[in-house]
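Have a look at the structure below, then the notes.
The values are calculated or read from the model by the stated rules, or taken from the named source; none is laboratory data. Remember, predicted model here, so these are calculated numbers, not experimental data. Cβ atoms come from the backbone with ideal geometry, glycine included; neighbour counts cover every protein chain shown. When the accessible area is computed, the model is the full protein with side chains, heavy atoms only, and any ligands, DNA or RNA have been set aside. Shrake-Rupley method; radii C 1.70, N 1.55, O 1.52, S 1.80 Å.
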Amino acid sequence: MFRGILIEKDQQGYRATLKDIDESVLPEGDVCVDVLCSTLNYKDGLAITGKAPVVRQFPMVPGIDLVGLVSHSDSDEFVIGDTVLLNGFGVGEAHCGGLAQKARLKSDWLIPLPKAFSPRQAMAIGTAGYTAMLCVMALEKNGVTPDKGDILVTGANGGVGSFAVMILAKLGYHVVASTGRTEQAAYLHKLGAKEVIDRHLLSEPGRPLAKERWAGAVDSIGSHTLANICANIKYGGTVAACGLAQGMDLPATVMPFILRGVTLAGVDSVMRPIADREAAWQRLADIIEPQMLADIATEMTLEGVIQGANDLMAGNIRGRILVQVG
Ligand code: NDP
């Protein structure tokens, strides 16, 4: 038995509980780990609260991120005592995840913990930070360099948004942070934002094509916000779109794409090939000074996770939640 969060769905309904879990719950895998740290991402919030059907199998241990110590290995890649990092691959959705003391995983999903980071630092970054890095890499790939103009980051007080602001600022971009919590402007300026704007300027239905304002954008919001961003992108600019905090719809027209050559770059972190993951984590290691993480991450134990998930869904969490497990 080990301690963890278990999501069950049966005649008694959908529920997440902190409890002792039998090892028989863990699915097949060639590597067992003792989990050291995990995190709470938006998707974990959806899974734990049941607000969206992200869990595809029951019972399920949520947690799309983990750092753990290998305790058993049938893989040639990893030996007992290795410290490994996992982000995504359907873990916490279709395969038991990181919000428990033990996990059994496929070695194909694991990478060694980057040397630059401790387990806690890597989880302060987590899927949100790694996705923000993938978004910035998508902008770079499409030629959005700091000299091209202002970059918009939406959901700036959230996990992806906080990291996108920090990374872009560190790389020399002029970052404009959009948020519903303008009272957190001091935090966003500390991360490197040059300007802070109210998200309500972007969230209502707008014009199909509007003033050219942004050279690029990192958007974790979707819906009207993403449509308005596309309408405001400068000629040849790029939007890296990774999220749906406002909604999964995209009520846009083709005008920005066919008249201004705008690129809408979709960013997925979940099924990303290992080489891309390692490249993104290497960039994070090059860019992030570990002391910067203290500004972004709030720490809790498994005991706080269910309340934390509710707070995250209510939009009351700033930055990231790091969960100390082991
Ligand atoms: P967080 O909950 O940490 O942040 C989301 C932020 O979005 C909030 O802090 C808030 O920012 C803003 N927001 C929330 N609700 C609304 C709303 N109704 N309208 C406009 N803005 C809103 O989540 P994450 O940063 O972890 O994830 C953000 C999104 O990115 C999610 O949709 C998630 O599923 C997605 N994602 C996708 C990944 C991928 O692989 N494609 C990987 C990781 C995340 P503020 O208070 O500043 O306004």
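Side notes on the structure shown:
- I7 within 24 Å of I296 (Cβ to Cβ) and either touching a Pro at 6+ places or on another chain (Cβ under 6 Å) or not small (G, A, S) (or both): no
- Residue in the range 280-296 that is within 13 Å of the ligand (Cβ to nearest atom), open to solvent by less than 40 Å² (accessible area, probe 1.4 Å) and touching a Phe, Trp or Tyr at 6+ places or on another chain (Cβ under 6 Å) present: yes
- Failed criterion for L322 (all others in (1) under 18 Å from G88 (Cα atoms); (2) within 9 Å of the ligand (Cβ to nearest atom) hold): (2)
- In the range 242-267, the residue that is farthest from the ligand (Cβ to nearest atom) out of those that are part of a strand (DSSP E or B) and in contact with a helix residue (DSSP H, G or I) (Cβ under 7 Å, 6 or more places away or on another chain) is L264.
- Per the listing V176, V196, the residue uniquely open to solvent by less than 10 Å² (accessible area, probe 1.4 Å) and in contact (Cβ under 8 Å) with a residue 12 or more places away in the chain is V176.
- Among the candidates V239, V196, residue that is part of a strand (DSSP E or B) and over 29 Å from R272 (Cβ atoms): V196
- Number of the exception - H189 against (1) more than 20 Å from the chain's Cα centre (by Cα); (2) farther than 28 Å from D44 by Cα; (3) part of a helix (DSSP H, G or I): (2)
- Conditions (1) farther than 23 Å from W281 by Cα; (2) assigned to a loop (DSSP other than H, G, I, E, B); (3) open to solvent by 20 Å² or more (accessible area, probe 1.4 Å); (4) not hydroxyl-bearing (S, T, Y); number of the one not met by V55: (3)
- Criterion (within 9 Å of the ligand (Cβ to nearest atom), over 18 Å from N232 (Cα atoms), modelled with pLDDT of 95 or more and open to solvent by less than 30 Å² (accessible area, probe 1.4 Å)) met by exactly one of L188, L168: L188
- Residue among A309, A314 that is of a type in the set (A, V, I, L, M) and without any contact (Cβ under 8 Å) to a residue 60 or more places away in the chain: A314
- Residues considered: R320, R277. Of these, the only one that is more than 23 Å from G192 (Cβ to Cβ) and surrounded by 17 or more Cβ atoms within 10 Å (Cβ to Cβ) is R277.
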